[in-house]
1. Filter segment 163-178 down to the residues that are surrounded by 10 or more Cβ atoms within 10 Å (Cβ to Cβ) and of a type in the set (Gly, Ala, Ser) and list them by number.
2. Tell me, please, whether a residue that is of a type in the set (D, E, K, R) and closer than 25 Å to Leu36 by Cβ can be found in segment 76-89.
3. When you look at Ile102, is it out of contact with any helix residue (DSSP H, G or I) (no Cβ under 6 Å at 6 or more places or on another chain) and surrounded by fewer than 19 Cβ atoms within 10 Å (Cβ to Cβ), yes or no?
4. I need the full set of residues from segment 116-162 which are touching a Lys or Arg at 6+ places or on another chain (Cβ under 7 Å), loosely packed, with under 15 Cβ neighbours inside 10 Å and in contact (Cβ under 8 Å) with a residue 12 or more places away in the chain, in order please.
5. Residue check, Ala53 against (1) buried (at least 20 other Cβ atoms within 10 Å of the Cβ); (2) at pLDDT 95 or above, all met but one. Which one?
6. Any residue that is more than 20 Å from the chain's Cα centre (by Cα), in a loop (DSSP other than H, G, I, E, B) and not aliphatic (A, V, I, L, M) - is there at least one of those in segment 112-132?
7. Residues Tyr103, Tyr62: which one is in contact (Cβ under 8 Å) with a residue 40 or more places away in the chain and either under 21 Å from Met151 (Cα atoms) or within 16 Å of the chain's Cα centre (by Cα) (or both)?
8. Spot the failing condition for Ser144; the list is (1) under 17 Å from the mean Cα position of the chain (by Cα); (2) in a loop (DSSP other than H, G, I, E, B), and only one is missed.
Amino acid sequence: MEMVNNINIVLYNPEIPQNTGNIMRTCVALNMKLHLIKPLGFNIDEKKLKRSAVDYYDKIDYVIYENFDEFKQKNVGKYYYLTRYGKKTYSNISFKFENEPIYIIFGSESYGIDRKLLYENINNCFRIPTTENVRSINLSNAVSVVAFEAMRQNNFKGLEIFEPESLKGKDYLNNYKW
């Protein structure tokens, strides 16, 4: 699969296979590469992970790293970090396609991202607004919110705006017979 954008999703120590599977499916839908940083809370070939990714598992473009240092060594670009401690919202971040890759980093379900890493990158931290009753939303939901915002900012470049003809086609409902 050829990437038509340079936005990457990074999961820093993901723990729940179903969340990662859902995120894999979102990455396929948006033509984004997925980066997984160990430790993972599951085996990559786990049944729950594959079930969540549905029949898109073979289309997923992903890489696994032993740690964040290895990830940084192999991936140069702009890094943005989702954290409840961010002082900007995701809609205040410019995810416009540029010459360098963009990496949107999401932390583990139970801990988030290492606090030292966030402190060192405070200007690139952002949050998804919620009420005071919720610390954060589900990881796969958070990735979807931010990833679709990034693609919206880029006019959904490379994505199908209408139902593809290879499926039911743009005029499916117009031609639907009751």
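The values are calculated or read from the model by the stated rules, or taken from the named source; none is laboratory data. All values derive from a computational prediction rather than experimental measurement. For neighbour counting, all protein chains shown are included, and Cβ atoms are generated from backbone atoms with ideal geometry for every residue, glycine included.
1. Gly169
2. yes
3. Criteria not met by Ile102.
4. Arg135 - this is the single residue of segment 116-162 that is touching a Lys or Arg at 6+ places or on another chain (Cβ under 7 Å), loosely packed, with under 15 Cβ neighbours inside 10 Å and in contact (Cβ under 8 Å) with a residue 12 or more places away in the chain.
5. For Ala53, the exception is condition (2).
6. yes
7. Tyr103
8. Here Ser144 clears every test but (2).
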